[in-house]
Amino acid sequence: MKYIFFVNPTAGKGNLQEKIIKSIDEFFKSSNNDYKVYVTKYKGDAEKEAKRLAQTGGEMRMFACGGEGTAYEVLNGIIGFDNVSLGVIPCGSANDFLKFFGSKERFLNLQTQIEGKAVKMDIIKAGDRYCLNGCSVGMDAVIARDMCEFKRLPLVSGPMAYKLAIVKNFVKKIGIVANVSVDGESFGEMNCLFAVIANAPYYGGGYMSAPQAVPNDGKLNFTLVKNISKLKIPKFLSAYEKGQHINLDYCILKECHSMEFSSKTPIPVNLDGEIVETNNMKFEIVKEALSYIIPVGVESKLLIKV
């Protein structure tokens, strides 16, 4: 078994990385296991190196030491390689996927990670990319893009960055117009704030967009929020953060296997925190496509298929 740690030096506030590297070196000092610490140098570096290493063969465990973006890169580097399992050691500002499991403390513990069990997870195919946590289209993607600017500011947490991005966008024209279909069934042209396709409940620094999402149940969770007046948005966001939007008459929630949108003009799309703009994209589940490392002590909180 080979252990590879991709450390993103710019994830979060950059406060945990030095401690993580030191703990890795200490842990493996008295071990016969082969390991490597790779500090990423630029955007896309982790994906490129993960793919190169995966191609060399042999059983590997690759750990993304960063946030959602680092895990996204490593995932896209190892997709299709059955010899590789993915783990996450969180040092990002949000680490939303891990909120499904409760406390992130065991994910920060190297011992529980190394001794952890790899379980099969579903992932989302988004165009020609792959996501673990969730994707969104419209205003939400714009907010996800803008929150990256605020996260760089001192003393600004992930949730605070999301709120600041909301305020920034509140003064602009909100909403998008797009044709949306779920599992091939068209909703027609929709005027909406945004749409989300989720593999796990949380995103955006702790907003519970898909309260019933389970990342290995063979289903995705779709949420669409119709366009509403700006006066209603603060109340909506309060409910949305807690997952209490499921009964609001302007919200549509469905379990599904795919979602597709098209629009006349390019729309911002959020892929696990990475932002692209496109006129159309299809999102679909890829069942049990990823071996994901669950640290010792959190298996009982997991899913229905451990």
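The values are calculated or read from the model by the stated rules, or taken from the named source; none is laboratory data. Only a predicted model underlies this, so the values are computations on that prediction, with no experimental measurement involved. Every residue, glycine as well, gets a Cβ built from its backbone with ideal geometry; the counts of neighbours run over all protein chains shown. These area figures cover heavy atoms from the full protein model, side chains too; ligands, DNA and RNA do not enter into them. Shrake-Rupley method; radii C 1.70, N 1.55, O 1.52, S 1.80 Å.
Quick notes
- Applying a threshold of 6 Å to beta carbon distances and a minimum spacing of six or more residues, or different chains, the list of pairs starting in segment 72-100 at a residue that is among the charged types (D, E, K, R) and ending at one that is in a strand (DSSP E or B) reads ASP96/TYR202; ASP96/TYR203; LYS99/TYR202.
- Subset of segment 55-67 that is touching a residue at least 40 places away in the same chain (Cβ under 8 Å) and open to solvent by 40 Å² or more (accessible area, probe 1.4 Å) - its residue that is farthest from THR112 (Cα to Cα): GLY58
- The residues of segment 78-109 that are among the hydrophobic types (A, V, I, L, M, F, W, C) and part of a strand (DSSP E or B), listed by number, are VAL84, LEU86, VAL88, ILE89.
- Residue in segment 37-60 that is touching a Cys at 6+ places or on another chain (Cβ under 7 Å) and under 22 Å from ILE294 (Cβ atoms) present: no
- Candidate set: segment 229-252, residues that are of a type in the set (A, V, I, L, M) and touching a residue at least 24 places away in the same chain (Cβ under 8 Å); chosen: the one nearest to GLN212 (Cα to Cα): ILE246
- Condition met for VAL269 (part of a strand (DSSP E or B) and within 14 Å of the chain's Cα centre (by Cα)): yes
- Residue match in segment 52-62 (condition: under 27 Å from ALA161 (Cβ atoms) and either of a type in the set (Asp, Glu) or touching a helix residue (DSSP H, G or I) at 6+ places or on another chain (Cβ under 7 Å) (or both)): no
- Qualifying positions in segment 1-57 - polar (S, T, N, Q), part of a loop (DSSP other than H, G, I, E, B) and under 22 Å from LYS104 (Cβ atoms): ASN8, THR10, ASN15, THR40
- Hits in segment 110-133 - residues which are assigned to a strand (DSSP E or B) and either open to solvent by 10 Å² or more (accessible area, probe 1.4 Å) or hydrophobic (A, V, I, L, M, F, W, C) (or both): LYS117, ALA118, VAL119, LYS120, MET121, ILE123, ILE124, LYS125, ALA126, ARG129, TYR130, CYS131
- GLN244 being under 23 Å from LYS163 (Cα atoms) and among the polar types (S, T, N, Q): yes
- For segment 138-170, residues that are among the β-branched types (Val, Ile, Thr) and either farther than 18 Å from ASN227 by Cα or modelled with pLDDT under 70 (or both) total 1.
- Among the residues of segment 72-100, those that are of a type outside the set (S, T, N, Q) and either modelled with pLDDT under 90 or farther than 22 Å from ASN270 by Cβ (or both) comprise GLY80, PHE81, ASP82, VAL84, GLY87, ILE89, CYS91, GLY92, ALA94.
- When segment 227-254 is filtered for residues that are among the aliphatic types (A, V, I, L, M), at pLDDT 90 or above and in a helix (DSSP H, G or I), only ALA239 remains.
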